[in-house]
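This report refers to the structure that appears directly beneath it.
Throughout, read-outs are computed from the coordinates displayed, never taken from laboratory work. These numbers come from a predicted model, not from an experiment. We place every Cβ from the backbone using ideal geometry, glycine too, and count neighbours over all the protein chains shown.
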């Protein structure tokens, strides 16, 4: 089921002029439905509305990511989105995004803006060693015809290749809260192994998700925090496929 909430278009300061480009957030939820209220509080100063897919009546462990994305993209187009911000309930953008959104969306070209994905190991600290410090997610992109969306990859981008999207870096942080609870690290690994047993969607596999060898962490600096502050509930937020010994 699709639900939405739209606000009046807001004037925002662009790169050169004021702009009223409409930015709409899209997301789906199921096991993590209780996280949506804080997600919306985080997004409120950033976007001009949101569209959500309620997946709680889905059958099986994991419903079609491709189908959910396409429905959300179609709904965003119908709502008049100029730009789309793709999120998950367990993610938060740093506060400074609200001050930058006008500049990011004032451009007319097809751009996909990247955020530095920070895998949180506490509400304030994220992992930075090796590949953990290199993750980028391009989640803010110019709206396009949803019929062009072709991805079947669990980890694939929200926009298609070959239609002129240029990937650029915002320098802003996207905080992922799922890894805070150790049980969820094993749960995430088990879920991905179930969905992608031959590592066809990710060559390196998923063992790295629970490997903390030489792990290094960094606390976000003043001015880069997210709102609202997170207090972890210790729940799984996903189908629990982890071995009993890891729970």
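When only alpha carbons are used to place a centre, segment 70-104 and segment 196-221 end up 26 Å from one another.
Using the Kirkwood radius built from alpha carbon pairs, what does the Stokes-Einstein equation give as D for segment 123-247 at 25 °C and 0.890 mPa s, in µm² per second?
Taking Rh from Cα pairs, D becomes 144 µm²/s.
Computed as a quarter of the hull surface, the mean projected area of the alpha carbon convex hull for segment 1-69 stands at 5.6 nm². If you wrap segment 179-247 in the convex hull of its Cα atoms and look at it from every side, the mean projected area works out to 6.4 nm². Would you mind computing Rg(Cα) / (2.2 N^0.38 Å) for segment 87-151, counting N as its residues? In units of the 2.2 N^0.38 Å rule of thumb, it is 1.33. Of all DSSP-defined beta bridges confined to segment 115-247, some 60% are antiparallel rather than parallel. Relative to the longest principal axis of the Cα atoms of the chain, helix 65-78 runs at roughly 20 degrees.
DSSP assigns beta bridges within the chain; of those with both partners inside it, close to 60 percent run antiparallel.
Per residue, the convex hull spanned by the Cα atoms of the chain amounts to 129 cubic angstrom. Take the Kirkwood radius over Cα pairs of segment 9-145, plug it into Stokes-Einstein at 37 °C and 0.692 mPa s, and you get 205 µm²/s for translational diffusion.
Each semi-axis of the equivalent ellipsoid for segment 40-92 is √(5λ) with λ an eigenvalue of the Cα gyration tensor; in descending order they amount to 21, 15, 8 Å.
Between 0 and 90 degrees, rounded to the nearest ten: what's the tilt of helix 182-195 against the longest Cα principal axis of the chain? So the helix axis and the longest Cα principal axis differ by about 80 degrees.
Take the Cα of residue 59, step 7 Å toward its Cβ, do the same at residue 36, and the gap between the two points is 2.3 nm. With the simple spin-label model, which puts each label point 7 Å out from Cα in the Cβ direction, the residue 70 to residue 163 separation comes to 1.3 nm.
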